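See below for the structure under consideration.
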Amino acid sequence: MLSAASRKYPGIRAPLLLLLLLLAAVPSEAADTVAVEVGSVYASNEGASIDPALGTIRGKLQSMFNYTSYRMLDRKRRSLSVGEAGEFELPGRRTMRATLLPAQGDKVRLSIRISDGPRNLLTTTLGLRRGGMVLVGGPSHQAGVLILLISAE
Amino acid sequence: MDCRAALTSIEAKADGLLPREEAAELAGHLAGCPACSAEDAAISATGPVLRALTGIRAMEKAPALDAMWTRVRAGIEESGETRRRSSWIARWAWIPAAVALAVFALLFYPSGTDRAPFHPSSFDVAVEDVESDVATVALVDKGEDLPRVIWIIEDA
């Protein structure tokens, strides 16, 4: 269909090509870095709804925890290069700082620090694969808890 | 040939339409008829006079015709120039269109919270170290199919 359109409108070929190159360039840029994504999920026993934005994690959460409601409050993404730190604001005035550490192959190493004001809630170093995910949960939030979905691509 | 037929033949001869056989017959008549011969001479002289008059009128009108042709030629050249200019515009019009597309793609490339739902490909996670200043931390591992969980139990 595109080739037919480009035959009919020859002038459209160049912008189409440019657009495709541009779209292709974005993932290639991401390949040089690691995109760290943090989803903040509010888990509680208020109601019985599960946010569709949780994707395939919905069933995992249900099988691992006893909460009846899971709602995505926020989702943030930072592209980090080795040695670079990214700050993620979390619900409840908490913050998470992720630093990308050197790793080999498709492994990703992250130094994670979660703070609640001046208090250090958690400091950890994680090793996961690109596309992998780890959960950090427990901090209280409203009538339930926060569960952080930390993934790296 | 009588004089009436001769007059018709004379007009046909002046127009160049007289067949050869009739021309010979007309010549025979003219040789013996001074009236028709005079008519033939008058009509035959009319053609060159008309051609001369036409030439004179053409010479009189030549400057006006030249001016008109100059205007026509200028119009033709201007039309061609306009076509070339519009063709040039059509050839390069894709550049602003491409820039607009690029800006659009950059501005609206998925970001923030409107991305696709989570679909992790692996839960294989190594926890190298874990500590907390103000909470008890538990590491929960319920198998390869399920994510590893670091659970923070805030101290009361």
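The values are calculated or read from the model by the stated rules, or taken from the named source; none is laboratory data. Just so it is clear, the model here is predicted, and its values are computed rather than measured. Counting neighbours? That spans all protein chains shown, and the Cβs are built from the backbone with ideal geometry, glycine included.
Taking the listed residues A:151, A:115, A:79, the one that is in contact (Cβ under 8 Å) with a residue 40 or more places away in the chain, over 26 Å from residue B:145 (Cα atoms), within 11 Å of chain B (Cβ to nearest Cβ) and in contact with a strand residue (DSSP E or B) (Cβ under 9 Å, 6 or more places away or on another chain) is A:79, with no other qualifying. Is it the case, given these coordinates, that residue B:26 is more than 14 Å from chain A (Cβ to nearest Cβ), part of a helix (DSSP H, G or I) and among the aliphatic types (A, V, I, L, M)? The answer is yes for residue B:26. Out of A:76, A:60, A:107, one residue alone is more than 19 Å from residue B:129 (Cα to Cα) and touching a Leu at 6+ places or on another chain (Cβ under 8 Å). It is A:60.
The set of residues in region A:114-136 being within 19 Å of residue B:124 (Cβ to Cβ) and in a strand (DSSP E or B) consists of A:124, A:125, A:126, A:127, A:128, A:129, A:132, A:133, A:134, A:135, A:136. Among the residues of region B:30-48, are any assigned to a helix (DSSP H, G or I), of a type in the set (S, T, N, Q), surrounded by 10 or more Cβ atoms within 10 Å (Cβ to Cβ) and touching a residue at least 24 places away in the same chain (Cβ under 8 Å)? Within region B:30-48, one or more residues are assigned to a helix (DSSP H, G or I), of a type in the set (S, T, N, Q), surrounded by 10 or more Cβ atoms within 10 Å (Cβ to Cβ) and touching a residue at least 24 places away in the same chain (Cβ under 8 Å). Of these, A:132, A:117, which one is surrounded by 15 or more Cβ atoms within 10 Å (Cβ to Cβ) and not basic (Lys, Arg)? Every option except A:132 fails the conditions. Set side by side, the residues B:113, B:82 differ, and just one is modelled with pLDDT under 80, of a type in the set (Ser, Thr, Tyr) and under 30 Å from residue A:149 (Cα atoms), which is B:113.
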